[in-house]
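Just below is one structure, and these are the notes that go with it.
Rule-based calculations on the coordinates, nothing more; no lab input. The shown structure was predicted, so the numbers you read here are calculated from the model rather than taken from an experiment. Please note: Cβ atoms are built from the backbone with ideal geometry, for glycine as well, and neighbour counts cover all protein chains shown.
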Amino acid sequence: MTINTPNTPLAVLILAAGQGSRMKSSRPKVLHTIAGLPMISHVINTVKTLNPVHIIPILAPHMDEVIQAITPLKYVTQPKPLGTGDAVKCTLNKLKDFKGSVLVLCGDVPLITEATLSKLLATHEEHKYGITVLGMKPLDPSGYGRLIQQADGTLDRIVEHADATEKERSVSVCNSGVMVIDGNHIHKWIAQIENNNSQNEFYLVDLPLIAQKDQYTCGVVMGNVQELQGVNDRAQLAELENLWQAQKRNEIMKSGVTLQNPDTIYFSYDTKIGQDSLIGANTVFGTGVEIADHVEIKPFCHLEQVKIYSGGIIGPFARLRPGTILEKNAKIGNFVEIKNATLGENVKVNHLTYVGDADIGCGSNIGAGTITCNYDGKNKYRTTIGQDVFVGSNTVLIAPITLENGCYIGAGSTLSKDIPSDSLAVARSRTIIKENWAISKKET
């Protein structure tokens, strides 16, 4: 069944007001990252694929960092932490005229997939359930609410672990916290949630019984427990990072990329790698990396906000920092750092070199130990190197400076003036030799 047609609009509410005290962090929990992206952004990106009419994050007061991360989405604030039911109640003014399905999920469940949510919504619409809850079967159900089902599999009620009887605790189907609510009745049903519990809070788990009073059947859809895991502490954050990385590695390899020792390679959420590329062990991809076909990244490299065209060879032990662009067949060797620089086709920077804020023309060769001095303590300047330039080892280029096409720079030179094309520049002290000086030094 097609979901989110004009007849069944969708609103998504994202619970994100939790402070995450067990994270032991000054940062709101939903801003902790998986693969370089805040958890709430993972959730938002996933639900956008469902084409909802509304996406409404629900925040606590003073969550300025979260507001910045979710911009331009509009949000609502839950003034006091009075439970999930109260959180949804805070959104009802924005849903005043909404008729459709309301999906409620958590901002700390970053691995949930479009496929799972589509299945949940399709089942909800097909059976015209009042409430449909996403269930799971964790290996250890301790602490989870239990989904108590009727003989036909429909949902009778949700029982929190602390309130469950021994028989109810033996139920293996647990509440993931994700549910769909009939938007035509959400205002009425939310108003009926009471806070007669030990926490004096309002909980969404009461909704199935409330909906049944209006003669609505409630449903259960089973999901994958791995993708429905939330994060409450740093150990769980690390566990989800590992799960995400494992999925990404498989995805990358299925796309035609070879990973040497995959478990040691870490990707960001937006990493792009072309077919027939080879990635060495212990390589880390920060955000914003785009690699074309037929590129080799040797072991122990770190890349962030980099674009590499086909035929490139990088590393081992290379660091490519933001703003780096390597055109076709560029070669970067061991212990080379590149930052905010464009290297043309067939450029070679083979070892022990720093190139920052520079443009290097096609076919140029940068010798070992060369550095571009791009910062004078106050301002940064660019180095421009033309085509087919040879820069000898241990050269210092003090920006702003231009080495024009075809020039040669002698090893050990320190240059602060532009060098014209096809010329030789040598800027180093004259060699002085004093024969037998060492012998006389030892005798004194």
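A compact table of results
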read-out: All lysines inside 29 Å of LYS339 as judged from Cα atoms, apart from same-chain residues fewer than 8 positions distant; value: LYS248, LYS272, LYS298, LYS307, LYS328, LYS331, LYS348, LYS378, LYS380, LYS417
read-out: Residue-by-residue Karplus 3J(HN,Hα) for region 394-399, coefficients 6.51, -1.76, 1.60, Hz, glycine and proline x; value: 6, 9, 10, 10, 8, 6
read-out: Protection-proxy order for peptides 354-361, 412-419, each taking the mean of Cβ atoms within 10 Å per residue, highest first; value: 354-361, 412-419
read-out: Correct option for Cα Rg over 2.2 N^0.38 Å [calculated from the coordinates] among [x] 0.96; [y] 1.34; [z] 1.01; value: [y]
read-out: Cα shape, region 10-222, gyration tensor, a/c 1.5 rule; value: rounded
read-out: Alpha-carbon centroids, region 18-45 and region 138-194: separation in whole Å; value: 25 Å
read-out: Bridge type composition, the chain - antiparallel percent by DSSP, nearest 5; value: 20 percent
read-out: Calculated [θ] (222 nm, deg cm²/dmol) that DSSP helices of n ≥ 4 give over the chain, each run adding -39,500 (n - 2.57); value: -5000 deg cm²/dmol
read-out: In degrees, nearest ten, helix 39-48 long axis to first principal axis of the chain (Cα); value: 70 degrees
